[in-house]
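Input: a single structure, listed below in structure tokens.
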Amino acid sequence: MKKILCSFIFSCLMVSAVDAKVSEITVDKTIERQFDEVKDKKAEDVSDDVSANGRLQLWYGQPARNWLEALPVGNGRMGAMVYGTYPNETIQFNEESLWAGSQTQSDADTESSLKTIQQMLLDGEIAKAAALAEETMVSNPLRIRSYQTVGDVIINYAGTVARAREGESTGYRRNLDLATGIATSTFLLDGVRITQDVFISAVNDVIAIRISSEKAGALNFKISLARKQDATARVTGNNEITMQGQIIDLPRSNSSPAGMHMKFAARIAGFNKGGQLTAVNNSLFVENADEAVFYLTAATDYNMSILNFDRSIDPVQRCASIMSKVQGQTYETVKTAHVADHESIFNRVSLNLFDDAKQNLPTDKRLEAFKNGSDDKSFASLLFQYGRYLLMGASRRPGILPTNLQGIWNQDFDAPWNSDFHTNINIQMNYWPAEVCNLSETVIPFSDLINALRIPGRVTAKKTYQSTGWTMNHLTDVFGRTAISDGVGWGTYPMAASWLVLHQWEHYLFTKDLDFLREVYPTMKEAADFVLHFIVKDKNGKWVTAPSNSPENRYRLPTGETFMLTYGATKDIQLIRALFNACIKASALLGDDKKYAAQLQSVLKDLPPTKVSQRYGIIQEWIEDYEEVEPGHRHMSQLFGLYPGSEITSDNKTLFNAAIRTVERRQEYARRGEGSSPGWSKAWLINFYARLGDGDAAWNKAKELMRERILFNLFADHPPFQMDANFGFTAGIAEMLIQSHQDNLITLLPAIPKDWERGEVKGLKARGNITVDMRWEDHRLTAATLTAAQDCTVQVKIEGKVRKVTLKKGKPENISF
């Protein structure tokens, strides 16, 4: 084997004599320190009993055949998909800021047309308004470019793959431990067991790959960095390979300008125990080793403070700086720090539905059984925790950007919908589970981007909507796109900023972090400023938005004409009410802006109410009782006030019953095939049913999502793959267990289905920074403990009964009825 490998290296040197820098590494004391055994029980036994017996693991008896079967790891800044294939392994990896495109100023200037468009809409001249909008509101360029993969780690193992005879095992297994964030593959080569562990450390900001053999000196493999375009890899040290590149954007109709754009780099360093490691071209060769460890990182020249790439930043140097921090640390030190950090966040919440009969099945077999009608409640709790795991992996420090349509994981150069930040529901849904599922720190990168968008958003507010403050439309990217995108009908969504800042308000409500509120209040206020100077009075003297749309949906006029552009869409008005009320409360908490709060209050009085259709008894989607073109449409925007908003509750029976009918009607048409029902839409319905107190319907919708829209590796499908449904599912399960959206009221077990006769949940959060633990038997709450981060008095509701509870800071309070 050694002769063959050395011969191959020699051939590579002859072909690439100029670029190849070869250095053989012998084992010395410095390298040996990478493999010092740490006799620490905690480090060795990193998973708790629950994880060890499979409740918090995804596992499979065969390698991934494609990207949607690979297993994800992430640290908020980088993500990787581990295939677990052998003898040729692929680990695809991402860095959050690597995007095609560039910063361009593309806002349409409507100074001479906006008032006319508004008046036409108010006068019912929709066709004329839409035509004028198409002439004067189209941005240039109209489209953005895509989030991209960094590349692949390719591992070519030497050895013969074990071929099992019928009834025998190949010894293969791969699994992802959600509790530790480690993806492990084990397999046999030449009859020797090989183990590969992969994780991404937030502490050290590196992807760690450890390959070990049960037999000394049995490891022989090549590990390489590769990218299909715009990059080259070369030796940069005795044990290092660096890949360096720059995205070259070719001309494309309606897209941002062509050119040489974002620069990026990746660096991998290897350390071997026993044998020899040799670096040549784009690969590291390992011969006759006992084990080997590799650390990989990636960086770009992106600068979030300017929402653009920054030529003063050297991605190669960024990688070197990150890698220097891990040098000299043993693998066990890096792993122990990673596991401790990961567990400190992930283990805050546990959910047990006491149905573990199928947890020992491989995950794909378990999913197949579920799709075929098997009852497996613990599969839902696994998917619930998977959503938390994915949010941790896609949005936290050291990352600086929020989750995109695919979280942080993307194999493409041109991803579906560019894997962008979609702001008419998708990025919002990504963060629905963040607060209630005790992952508040994941919201910070989201909040940071919202704050950063104020600058380009002011241009959009002024040029396109002739207003003050800031706003944006239905999508954005790392370059701060706030202009109308993809077309006037689809893209005119001036209320996006209003929705985004409500997540900042929610973060305050859940954490009670007054310093955070003080920091984000100017962003909230500017979003409200935009609304104040954008809205106009309609024929009934009510304040309405114009122009706007109800995301992605169309209505039909009596003439038969259909349109998206409208005024005063129900969701717009619900958002304004929520935003203005949040700003009024925030100003009172901060002791500031009393006059401004009074101005908002004055406008609130003259907003149109949420209306009920006289024909169908549903919540109207538009201010007029238009006929719906697609009654089974995937968006249910008029129910923002039900969830995630708090306007529609059982306190108002008229709206509450109309909301029930709205959901029923949407589902009736969707079942007929007159509409679409992507994964994220099903997830939204789980949350709707939970807010309506219908646990059985919520659970049925959760099962429907799992059976129809969950892929082999438990990613959610739109289709194509889109991660928002994973997050929406997790939020929905939490909403079935606890609700706190009504002022100072915490409802326990508001939507428990008949199938969940017994269960236990720990660590969920209620607004007010209150941690909730609960147990139930025979659908009845048997124990509940509330722990507040500060002294407070709240109302607690259980089975329709309400009692006042006084909580002391840090002191668990047992609740009984």
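All conditions but one from (1) under 19 Å from T730 (Cα atoms); (2) open to solvent by less than 10 Å² (accessible area, probe 1.4 Å); (3) assigned to a helix (DSSP H, G or I) apply to E343; the one that does not is (2). For the range 795-810, a residue qualifies if it is in contact (Cβ under 8 Å) with a residue 12 or more places away in the chain, under 18 Å from H779 (Cα atoms) and not in a strand (DSSP E or B), and exactly one does: E799. Mind checking which residues of the range 291-338 are within 22 Å of Y147 (Cβ to Cβ), β-branched (V, I, T), touching a strand residue (DSSP E or B) at 6+ places or on another chain (Cβ under 7 Å) and surrounded by fewer than 23 Cβ atoms within 10 Å (Cβ to Cβ)? Residues satisfying the conditions are I313, V316, I322.
Annotation: of all residues in the range 780-802 being charged (D, E, K, R), within 25 Å of E757 (Cβ to Cβ) and out of contact with any Phe, Trp or Tyr (no Cβ under 7 Å at 6 or more places or on another chain), the one that is modelled with the lowest pLDDT is E799.
One line per residue, one yes/no per condition, for (1) free of Cβ contacts under 8 Å to residues at least 60 places away in the same chain; (2) touching an Asp or Glu at 6+ places or on another chain (Cβ under 8 Å); (3) among the hydrophobic types (A, V, I, L, M, F, W, C):
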position	(1), (2), (3)
R665	yes, no, no
Y689	no, no, no
L692	yes, no, yes
F712	no, yes, yes
A731	no, no, yes
M736	yes, no, yes
G759	no, no, no
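Can you confirm whether R388 is open to solvent by 10 Å² or more (accessible area, probe 1.4 Å) and charged (D, E, K, R)? Judged against the criteria, R388 is not a match. In the range 158-186, the qualifying residues are those that are open to solvent by 20 Å² or more (accessible area, probe 1.4 Å) and in a strand (DSSP E or B), and the one that is modelled with the lowest pLDDT is V161.
Here is a yes/no grid of residues against (1) closer than 30 Å to L514 by Cβ; (2) in contact with a Leu (Cβ under 6 Å, 6 or more places away or on another chain); (3) modelled with pLDDT of 95 or more:
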{"site": "W543", "(1), (2), (3)": "no, yes, yes"}
{"site": "P551", "(1), (2), (3)": "no, no, yes"}
{"site": "R554", "(1), (2), (3)": "no, no, yes"}
{"site": "L557", "(1), (2), (3)": "no, no, yes"}
{"site": "M564", "(1), (2), (3)": "no, no, yes"}
{"site": "T570", "(1), (2), (3)": "no, no, yes"}
{"site": "N581", "(1), (2), (3)": "yes, no, yes"}
{"site": "D593", "(1), (2), (3)": "yes, no, no"}
{"site": "Q599", "(1), (2), (3)": "yes, no, yes"}
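If the condition is being of a type outside the set (S, T, Y), assigned to a strand (DSSP E or B) and either open to solvent by 50 Å² or more (accessible area, probe 1.4 Å) or closer than 30 Å to L189 by Cβ (or both), then the range 88-121 contributes N88, E89, I91, Q92, F93, N94. Counting residues in the range 674-687 that are of a type in the set (D, E) and assigned to a loop (DSSP other than H, G, I, E, B) gives one or more. Confirm whether T136 is of a type in the set (S, T, N, Q), open to solvent by 20 Å² or more (accessible area, probe 1.4 Å) and touching a Leu at 6+ places or on another chain (Cβ under 7 Å). The answer is no for T136. In summary, Q466 fulfils each of the numbered conditions (1) surrounded by fewer than 24 Cβ atoms within 10 Å (Cβ to Cβ); (2) assigned to a helix (DSSP H, G or I); (3) at positive phi with the single exception of condition (2).
Taking the numbered list (1) open to solvent by less than 30 Å² (accessible area, probe 1.4 Å); (2) under 28 Å from G399 (Cβ atoms) in turn, L277 passes all entries but (2). Applying the criterion of being of a type in the set (G, A, S) and modelled with pLDDT of 95 or more to the residues of the range 232-252, the residue that is nearest to the chain's Cα centre (by Cα) is G245. Could you say which residue among D592, D572 is out of contact with any Ser or Thr (no Cβ under 7 Å at 6 or more places or on another chain) and either within 23 Å of A133 (Cα to Cα) or open to solvent by 30 Å² or more (accessible area, probe 1.4 Å) (or both)? Criteria check complete, one pass: D592. The listed residues are G74, G124, G101, G79, and the only one of them that is of a type outside the set (D, E, K, R) and in contact with a Lys or Arg (Cβ under 6 Å, 6 or more places away or on another chain) turns out to be G101.
Within the range 54-69, residues that are buried (at least 19 other Cβ atoms within 10 Å of the Cβ) and in a loop (DSSP other than H, G, I, E, B) sit with their Cβ atoms under 9 Å from residues that are modelled with pLDDT under 95 and β-branched (V, I, T), at 6+ positions apart or across chains, in these pairs: L56/V50. Across the range 595-648, the qualifying residues are those that are aromatic (F, W, Y) and in a loop (DSSP other than H, G, I, E, B), and the one among them that is most open to solvent (accessible area, probe 1.4 Å) is Y616.
The values are calculated or read from the model by the stated rules, or taken from the named source; none is laboratory data. As the structure is a prediction and not an experimental result, all values here were calculated from the model. Reconstructed Cβ throughout: ideal geometry from the backbone, glycine too, with neighbour counts over all protein chains shown. Protein only, heavy atoms only, side chains kept; ligands, DNA and RNA dropped before computing areas. Shrake-Rupley method; radii C 1.70, N 1.55, O 1.52, S 1.80 Å.
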